[in-house]
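Chemist: One structure follows; several queries about it will come next.
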Amino acid sequence: MLWLTAWRRKSIFFCILSAIGGLLFAVALLAMAWVIVFAVSVNVMISGGRIHAIIATAALPLLFVGSALISQDSLEKYSVTPRREEGSLTGRGLIALLSPRNIIAIIKITADVLFSGPRVAIWSAKQAFLAFAIVRIDVVGCAAVLDLIYRTGHRMSYQEISGAVAGLNPVKVFNQLRLLDGVLFLTSDPPGLALESELKEELALKNKGSDGLG
């Protein structure tokens, strides 16, 4: 339980720190997106300043919807038509600059920038939920399973683990063990659990001079 308790404390700290830092960064990105939409509205529409602020504010929830519907990979795939030096920004050079390929690229780049705020905000929320999930880990049950597999030295089936650990809630504990890096969920017969070599080494170092994980 020594290793698992230390891992749990460290993971909660980093998840909360990531969530707070990500949230602050997301607020800054959303503020930038608000300014961009406001500036575009001012240049496109001839109206009072209040309507531009309303449009910019109303666009923020739409950015969350757009970021959920449009993948980042699709926005990063674009190509541009290079501008010929002899054309400069007149004639054929201007036509090349305003080609459909370049316009699509500009739209994708702008959308990628505008969607960055919602993406960071969603990532921050996931970090907060992850911290909450780690807080609820059954430390005693998970430590008992890890100790059993570590001492056995080889993979064990779910049935073997459930029979060897008294009072174990297998559904709850097996699901919570997915939060730990280094725990292998084996699907080949018989399905069960195993530990990666790196996790075994870490457990060995952490538990020198102690009576196991529990």
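Chemist: Would you kindly state how much longer the chain becomes between A164 and K108 on full extension, computed as 0.36 nm times their sequence separation minus their alpha carbon distance, in nm to one decimal?
Modeler: On the way: separation 56, 0.36 × 56 = 20.16 nm, distance 5.58 nm.
Difference between extended and current length: 14.6 nm.
Chemist: Of F129, F115, which has the most accessible area with a 1.4 Å probe, and how do the rest follow in descending order? Mind dumping the intermediate values first?
Modeler: On the way: F129 150, F115 20 Å².
Most to least solvent-accessible, the answer reads F129, F115.
Chemist: Let's test the formula: R0 of 22 Å, r as the Cβ-Cβ distance of E201 and A133. What FRET efficiency results, to the nearest 0.05?
Modeler: On the way: r = 26 Å, r/R0 = 1.17.
About 0.30, to the nearest 0.05.
Chemist: So, one more: Can you list residues from other chains, or at least 5 along the same chain, whose modelled amide H is less than 5 Å from the amide H of L195?
Modeler: HN-HN under 5 Å from L195: L184.
Chemist: For the stretch 1-67, what is the accessible area per residue in Å² when the probe is 1.4 Å? Don't skip to the answer; put the middle values down first.
Modeler: Working: 4150 Å² over 67 residues.
Averaged over the residues of the stretch 1-67, the accessible area is 62 Å².
Chemist: Once you place label points 7 Å from the Cα toward the Cβ at I36 and E76, how far apart are they in nm?
Modeler: My value for the distance between the label points is 1.7 nm.
Chemist: Of M156, M45, which has the most accessible area with a 1.4 Å probe, and how do the rest follow in descending order?
Modeler: Working: M156 15, M45 75 Å².
Order by accessible area, largest first: M45, M156.
Chemist: Further question on the same structure: Which order do you get for T57, T187, T152 if you rank them by accessible area with a 1.4 Å probe, largest at the top?
Modeler: Working: T57 75, T187 130, T152 55 Å².
Putting T57, T187, T152 in descending order of accessible area: T187, T57, T152.
The values are calculated or read from the model by the stated rules, or taken from the named source; none is laboratory data. Note that the structure is predicted; figures quoted are calculated from it, not measured. For neighbour counting, all protein chains shown are included, and Cβ atoms are generated from backbone atoms with ideal geometry for every residue, glycine included. When the accessible area is computed, the model is the full protein with side chains, heavy atoms only, and any ligands, DNA or RNA have been set aside. Shrake-Rupley method; radii C 1.70, N 1.55, O 1.52, S 1.80 Å.
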